[in-house]
């Protein structure tokens, strides 16, 4: 009886790394230094991703100081007082994609009727982009 060849891995190495990072983050819980963890992940990024992540971190700190920096699946994220992720950044280099993304989770109050965007592709940040993102960040926390 012939056996079927095994298919390729279900998860990529980057996805497996993200799952391991999430496991470590859960173990660390509130004991870790969220900002130090976030900045360490940003420092590991390539130049383009790092520049975007640094600006996003500054925008979140300025426009939603109530959010706490942390890592989420090994990526920069910002959480509310309940520890729920409100917004996050995925570097293009993390999953070898064409663009980075800035996204929002369910804790964000971006509801606008029956449909609204929850993630945005980023190749760079212009002053106009930063203005839009700042508005979304403020709306996400109800400010």
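Throughout, read-outs are computed from the coordinates displayed, never taken from laboratory work. Just so it is clear, the structure is predicted and the values come from calculations on it, not from any experiment. Please note: Cβ atoms are built from the backbone with ideal geometry, for glycine as well, and neighbour counts cover all protein chains shown.
Peptide packing: for 61-67, 47-53, the average count of neighbouring Cβ atoms within 10 Å per residue gives the ranking 47-53, 61-67, highest mean first. In terms of its alpha-carbon gyration tensor, the range 82-124 comes out oblate; a/c meets the 1.5 threshold, while b/c is at least as large as a/b. Overall shape: oblate for the range 97-143, with the ratio a/c of the largest to smallest alpha carbon gyration tensor axis at 1.5 or above and b/c at least equal to a/b. If you take the square roots of the eigenvalues of the alpha-carbon gyration tensor of the range 54-143 and sort them as a ≥ b ≥ c, do you get rounded (a/c under 1.5), prolate (a/b over b/c) or oblate? Rounded.
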